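Take a look at the structure below.
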Amino acid sequence: MEEREIIARNITYLRKKHGLSQLELAEKLQYSNKNISKWENAETTPSVFTLKRIAEIFNITVDELVSSLLEETGDIEQKKSQVKMVLGLPISIKVLYLLMTEAILLVMALIAVMVLGFLDITAFNKWLILLYVLPAMCLAVFIFIICVKKRVDIISLSLFGWILCLCFYVTFHSAKNIQLVFLLMAAIQLLIVCIMLIINFNIIRRIKNKLTKK
């Protein structure tokens with residue numbers, strides 16, 4: 001993108017961001033609104049002195065005005081601030097969101113059970129849906145703890161795995177050697193515990209090393 005186009009888009013973005021019309025900006029710069037229109041349409045470019053005056057009005061540097069698209073930068077900053085607002089919510093509100101998510105999952109499961117009951121579908125045990133929703137609820141708790149506590153919660157992760165195994169077992173209970181699914185989960189559980197211990201050990205060792213160096 002050419003420098004003239006960058007300046008044109010930046011002037012337009014800054015003017016609208018500060019709630020100014022072309023006429024109002026023109027009055028501040030002591031130009032006609034036709035000049036502002038030409039600048040914003042990239043037909044002409046303001047002089048160096050005018051660029052400096054525009055930068056002063058919008059409290060930015062001339063370099064920012066001519067070197068990058070402030071519109072895109074502003075969008076990125078706005079998204080970052082929105083994320084910070086969500087992450088910075090009080091813990092009570094976050095818990096409320098978690099409970100709302102769990103309630104939605106449960107309501108969806110109950111609606112599915114009711115629909116299957118109305119349709120009188122006997123080929124599938126509709127009550128298993130209530131069992132299937134449990135792993136999703138555990139997963140929601142797991143994600144919640146990661147977002148709030150910034151760490152992996154082994155308890156919710158383990159519950160998710162074991163309930164998932166139970167769902168698999170109940171669904172395919174007539175299959176041969178289906179019981180081995182629990183043995184597989186036990187092996188995975190042991191692996192997860194070992195990985196968590198190694199990670200925690202490394203963290204503790206790094207902290208000790210830093211304290212020793214100090």
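Please pick out the residue among 6, 57, 36 that is modelled with pLDDT under 85 and surrounded by 14 or more Cβ atoms within 10 Å (Cβ to Cβ).
6
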Review point. Looking at residue 163, is it surrounded by 13 or more Cβ atoms within 10 Å (Cβ to Cβ), farther than 30 Å from residue 110 by Cβ and at pLDDT 80 or above?
Key: no
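Listed here are the residues, each with its yes/no results for (1) modelled with pLDDT of 85 or more; (2) surrounded by 11 or more Cβ atoms within 10 Å (Cβ to Cβ); (3) under 24 Å from residue 185 (Cα atoms); (4) out of contact with any Ser or Thr (no Cβ under 8 Å at 6 or more places or on another chain).
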| position | (1), (2), (3), (4) |
| --- | --- |
| 118 | no, no, no, yes |
| 132 | yes, yes, yes, yes |
| 135 | yes, yes, yes, yes |
| 138 | yes, yes, yes, no |
| 143 | no, yes, yes, yes |
| 148 | no, yes, no, yes |
| 151 | no, no, yes, yes |
| 154 | no, yes, yes, yes |
| 157 | no, yes, yes, yes |
Review point. Among the listed residues 45, 61, which satisfies the condition of being among the polar types (S, T, N, Q) and under 35 Å from the mean Cα position of the chain (by Cα)?
Key: 61
Practice item. Could you please find all residues in region 94-104 being under 22 Å from residue 158 (Cα atoms) and exposed (fewer than 15 other Cβ atoms within 10 Å of the Cβ)? Key: 95, 99, 103
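The values are calculated or read from the model by the stated rules, or taken from the named source; none is laboratory data. Just so we're clear, the structure is a prediction, and the values are computed from it rather than from any experiment. Here the Cβ is made from the backbone with ideal geometry for all residues, glycine too, and neighbour counts use every protein chain on show.
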